[in-house]
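K.L.:
Provided herewith is a single structure, encoded as structure tokens, for subsequent inquiry.
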Amino acid sequence: MNKMHKIDIDLVEMTLDVMKYTIDRISNVTPELGAPKKEEELFELIGETITPEGIGGEVAFKMFRDVLVKATVPIDHPRHLAFVPAAPSRAAILFDLVTSASSIHGAYWMEGAGGIFCENQAMKWLVSLTGLPKESFGVFTSGGTAANLSAMVAAREAWRKKDSGNIGVRALLLTSNGAHSSIQAMAKVMDADVVMIDCPDENLRGHALRTAIDELSEKDRKRLFAVVATGGTTNAGIIDELDSIAEVCEEEELWFHVDAAYGGGALAAPSVRHLFNGIERADSITIDPHKWLFSPYDCGAVIYKNMELAAEAHSQKGSYLEIFKDEGAQGFNPADYQIQLTRRLRGMPLWFSLAMHGTEKYTTSIERGIELAQIAAKKIDVAEELELVRPASLSVVLFRRKGWSAEDYRDWTYRNHKSGLALVTPTKWKGKQGYETISRFCFINPETTEEDIDVILETMK
Ligand SMILES: *Cc1c(COP(=O)(O)O)cnc(C)c1O
């Protein structure tokens, strides 16, 4: 047996292992709810894996399958209702494998045309959900953080192009206390400042924005280049009053960004679509298909009203890249519209899943998340020991267990996680007496059942 032949047999065995694992995993709707172990514990169990000779695929794969994956939380577990869960469709997961196997460079049309075509088909549908004018378009990013950063960099660049007096001026953006932490983090990357408007109910409205702008010093008003509203806050599922915010942004000539990383999927849900009215007036929008559009990690999206402004900020120049520009002029170059150059075609799994199932299936699955939140809210409302903190919003439910302290919520979370029952984490909410620790459900997975909700609520008795 020659060496090449041997390698081929190993490869076939490896492929069978991988396919078997993948099929088992995606057909198991309640995978074991793993929990972290200390690094030393994992090392104790596994030992050193990187050696000069290699430990072999079979051994490495076995370590992953039998030990390491059990120290992870399957985000699609139907009783994983913490943070923002996810539930990638089986079609999308399988096509994620195909995307890898096809080895496509997703930066330029010259190399990635057929794959970028797929991404753009999915993007066309996403853009259509927003109601933005027809020249608007977008590109898939590694997530909401990269999408927000790409949008804000484009906004600042446009602001500086508009008035050369702004070049070299430290920029300032306005957002609300409902904004995701990535807004502040990304402002740090950009070396820009953030003024956070403290809104009751973490809900920004046009008049509060107007007041905040009027209260800025003359110097700060000159530094102001953008407003970031949230289309579904991560904590509570609240959608800012986008229409009245758009009004103020237009009057003040400010870039209007809507961060709908979590909530964006609900644009496809007729029962709540009206809550997003005004989003069609945005200059840019962030939507994470890896949150509520059933894509595997990692897949975010940034959409721009004016693609040229995005290209002015992001298009990279380099002598060895010019060939791509010449040839690529015939097509769409994703690298020109966000911060990343070499990129995976991460929109392809979404495309395949959408193409296979059709958009109606997406609508039904997203509506189910909203319905599960309504069902949970009703159950909480009638339970003696429980209390809704506010009405369910999108797929988020905030509620309290009467008489529980922050430690009680924490212990309860760990107890349920350790026993493999559920992962539900506490959050904080600002009431009349300041911040209070409470509990929170976020539904994404359409396979979560009413019984799952009952089982979890039962543990709070
Ligand atoms: C999750 C989230 C983000 C960050 O997105 P990543 O994909 O985790 O980078 C930003 N904004 C909002 C509103 C989010 O819910």
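The values are calculated or read from the model by the stated rules, or taken from the named source; none is laboratory data. The structure presented is a predicted model; accordingly, all values stated were derived computationally and were not measured. Because the Cβ atoms are built from the backbone with ideal geometry, glycine has one as well, and the counts that use them run over all protein chains shown. When the accessible area is computed, the model is the full protein with side chains, heavy atoms only, and any ligands, DNA or RNA have been set aside. Shrake-Rupley method; radii C 1.70, N 1.55, O 1.52, S 1.80 Å.
K.L.:
Out of all the residues in segment 20-57, which are over 27 Å from the mean Cα position of the chain (by Cα), β-branched (Val, Ile, Thr) and open to solvent by less than 40 Å² (accessible area, probe 1.4 Å)?
P.N.:
ILE46
K.L.:
Which residues, counting only those in segment 126-176, are closer than 18 Å to ARG346 by Cα, more than 16 Å from the ligand (Cβ to nearest atom) and either among the hydroxyl-bearing types (Ser, Thr, Tyr) or in a helix (DSSP H, G or I) (or both)?
P.N.:
VAL127
K.L.:
List the pairs whose first member sits in segment 262-273 and is within 17 Å of THR145 (Cα to Cα), whose second member is among the basic types (Lys, Arg) and open to solvent by 10 Å² or more (accessible area, probe 1.4 Å), and whose Cβ atoms are under 8 Å apart, counting only residues at least 6 apart or on separate chains?
P.N.:
TYR262/LYS291; GLY264/LYS291; GLY265/LYS291
K.L.:
Still on this structure: Name the residues in segment 214-236 that are away from the ligand (no atom under 16 Å from the Cβ) and in contact with a Phe, Trp or Tyr (Cβ under 8 Å, 6 or more places away or on another chain), would you?
P.N.:
Within segment 214-236, just PHE225 meets the criteria.
K.L.:
Just the residues that are closer than 30 Å to TYR414 by Cβ, open to solvent by less than 40 Å² (accessible area, probe 1.4 Å) and not β-branched (Val, Ile, Thr), please, taken from segment 58-69.
P.N.:
MET63
K.L.:
Output the residue which, of all residues in segment 182-193 that are part of a helix (DSSP H, G or I) and open to solvent by less than 70 Å² (accessible area, probe 1.4 Å), is farthest from the ligand (Cβ to nearest atom).
P.N.:
MET190
Here's the yes/no breakdown for (1) among the polar types (S, T, N, Q); (2) under 23 Å from HIS77 (Cα atoms); (3) assigned to a helix (DSSP H, G or I):
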site: SER353; (1), (2), (3): yes, yes, yes
site: LYS378; (1), (2), (3): no, yes, yes
site: PRO391; (1), (2), (3): no, no, no
site: GLU407; (1), (2), (3): no, no, yes
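K.L.:
Output the number of the condition that MET123 fails; it satisfies all remaining conditions of (1) within 22 Å of ILE287 (Cα to Cα); (2) more than 16 Å from the ligand (Cβ to nearest atom); (3) not in a helix (DSSP H, G or I).
P.N.:
All conditions pass for MET123, except number (3).
K.L.:
Also, I was wondering about something else. Counting only residues that are open to solvent by 20 Å² or more (accessible area, probe 1.4 Å) and either part of a strand (DSSP E or B) or acidic (Asp, Glu) (or both), which one in segment 283-311 is nearest to the ligand (Cβ to nearest atom)?
P.N.:
In this case the residue turns out to be ASP298.
K.L.:
Being more than 23 Å from GLU312 (Cβ to Cβ), at pLDDT 95 or above, touching a Cys at 6+ places or on another chain (Cβ under 7 Å) and open to solvent by less than 40 Å² (accessible area, probe 1.4 Å) narrows it down to one residue among ALA208, ALA179; which is it?
P.N.:
ALA208
K.L.:
What tally of residues in segment 353-408 results from selecting those that are open to solvent by 50 Å² or more (accessible area, probe 1.4 Å) and among the small types (Gly, Ala, Ser)?
P.N.:
The number of residues fulfilling the criteria is 2.
K.L.:
Looking at (1) more than 27 Å from LYS428 (Cβ to Cβ); (2) in contact with an Asp or Glu (Cβ under 9 Å, 6 or more places away or on another chain); (3) assigned to a loop (DSSP other than H, G, I, E, B); (4) within 15 Å of the ligand (Cβ to nearest atom), which is the one condition that is false for SER271?
P.N.:
The single condition SER271 does not satisfy is (4).
K.L.:
So, one more: Is it the case that GLY431 is over 25 Å from ARG368 (Cα atoms), of a type in the set (Gly, Ala, Ser) and at pLDDT below 95?
P.N.:
It is true that GLY431 is over 25 Å from ARG368 (Cα atoms), of a type in the set (Gly, Ala, Ser) and at pLDDT below 95.
K.L.:
Of all helices (runs of 4 or more DSSP H) completely enclosed by segment 1-92, which ones contain at least 2 residues that are closer than 30 Å to PHE441 by Cβ?
P.N.:
3-27
K.L.:
Please specify each residue of segment 334-347 satisfying the condition of being open to solvent by 10 Å² or more (accessible area, probe 1.4 Å) and either in contact with an Asp or Glu (Cβ under 6 Å, 6 or more places away or on another chain) or more than 14 Å from GLN316 (Cα to Cα) (or both).
P.N.:
ARG344, ARG346
K.L.:
Quick check on my filter: what residues within segment 237-264 are among the small types (Gly, Ala, Ser), away from the ligand (no atom under 11 Å from the Cβ) and open to solvent by less than 10 Å² (accessible area, probe 1.4 Å)?
P.N.:
Correct list: ALA246 only.
K.L.:
Moving on to the next point. Would segment 89-101 turn up any residue that is out of contact with any Gly (no Cβ under 8 Å at 6 or more places or on another chain), polar (S, T, N, Q) and open to solvent by 40 Å² or more (accessible area, probe 1.4 Å)?
P.N.:
So far as segment 89-101 goes, yes, one or more of its residues are out of contact with any Gly (no Cβ under 8 Å at 6 or more places or on another chain), polar (S, T, N, Q) and open to solvent by 40 Å² or more (accessible area, probe 1.4 Å).
K.L.:
While we're here: Quick check, is ARG400 among the charged types (D, E, K, R) and in contact with a strand residue (DSSP E or B) (Cβ under 8 Å, 6 or more places away or on another chain)?
P.N.:
The answer is yes for ARG400.
K.L.:
Taking segment 409-429, which residues are aromatic (Phe, Trp, Tyr), open to solvent by less than 50 Å² (accessible area, probe 1.4 Å) and either free of Cβ contacts under 8 Å to residues at least 24 places away in the same chain or outside any helix (DSSP H, G or I) (or both)?
P.N.:
Of everything in segment 409-429, just one residue is aromatic (Phe, Trp, Tyr), open to solvent by less than 50 Å² (accessible area, probe 1.4 Å) and either free of Cβ contacts under 8 Å to residues at least 24 places away in the same chain or outside any helix (DSSP H, G or I) (or both), namely TRP429.
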